[in-house]
């Protein structure tokens, strides 16, 4: 016989479903205008802290029958009560946790995923570039910086080569930034692709030794970080960084 338990929540999904399935009905019943995630996090934190402080239970992972198969006597009700006393969470405890979350919901809100807050990352995000593109751009920017730190430390011609390359990258950026591209409301992702295609076609004899298309893309990211290249209309980057930091509760990658 096939039995489908469609209403049961799988253990792996509890952390995601619990705020809506468990905390939201309580918040609605009490008439509070606070995020249900804050209430859930406060109550869950109470249980987690209490259980962790009590430590592991003896023989908790095996059957009581197997635990005392050697002939030892099973614990009495007094023994069990003593073992569980430090784990008891009363309704008063839960009520206090709920009221605390209601009084200060932002303190118990779930943190958003960390985001990049460099100038280049914020500008690419404003242009609706994907997270993968942003991460790649950040990595290539660090590689580009590392390349020039090595060159500038012992090569007297490196500075002139770097400035020549910067001019080349700005020219590529300018030529890739076409009116047709900007005809879209959000064109940053298309611009990122166009830049990669243009950099792939730069003749090797125009590049410094050891430079490749990936490092060139890192140079584009570096110039973006210096506000020489944009992936959207110009905006106040510092204000946007502060807004994102506040919105994400300071969680930055």
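The values are calculated or read from the model by the stated rules, or taken from the named source; none is laboratory data. These numbers were taken from a predicted model, which means no experiment stands behind them. Counting neighbours? That spans all protein chains shown, and the Cβs are built from the backbone with ideal geometry, glycine included.
A search for C-beta distances below 9 Å between a residue of the stretch 182-197 that is closer than 10 Å to residue 133 by Cβ and any residue that is exposed (fewer than 14 other Cβ atoms within 10 Å of the Cβ), counting only pairs 6+ apart in sequence or on different chains, returns 189/130; 192/130.
Scanning the stretch 113-134 for residues that are exposed (fewer than 15 other Cβ atoms within 10 Å of the Cβ) and either touching a strand residue (DSSP E or B) at 6+ places or on another chain (Cβ under 7 Å) or assigned by TED's automatic domain parsing to the domain that holds residue 239 (or both) gives 114, 130, 131, 132. The criterion of at least 3 residues that are closer than 19 Å to residue 18 by Cβ and at pLDDT 85 or above is met, among helices (runs of 4 or more DSSP H) falling completely within the stretch 45-107, by 91-103. Being in a helix (DSSP H, G or I), within 24 Å of residue 122 (Cβ to Cβ), free of Cβ contacts under 8 Å to residues at least 12 places away in the same chain and touching a helix residue (DSSP H, G or I) at 6+ places or on another chain (Cβ under 8 Å) is a condition met by no residue of the stretch 162-179.
The condition of being surrounded by 12 or more Cβ atoms within 10 Å (Cβ to Cβ), modelled with pLDDT of 95 or more and part of a helix (DSSP H, G or I) holds for only one of 217, 244, that being 217.
Only one of the numbered conditions (1) within 21 Å of residue 248 (Cβ to Cβ); (2) part of a helix (DSSP H, G or I); (3) touching a residue at least 12 places away in the same chain (Cβ under 8 Å) is not met by residue 128, and that is (2).
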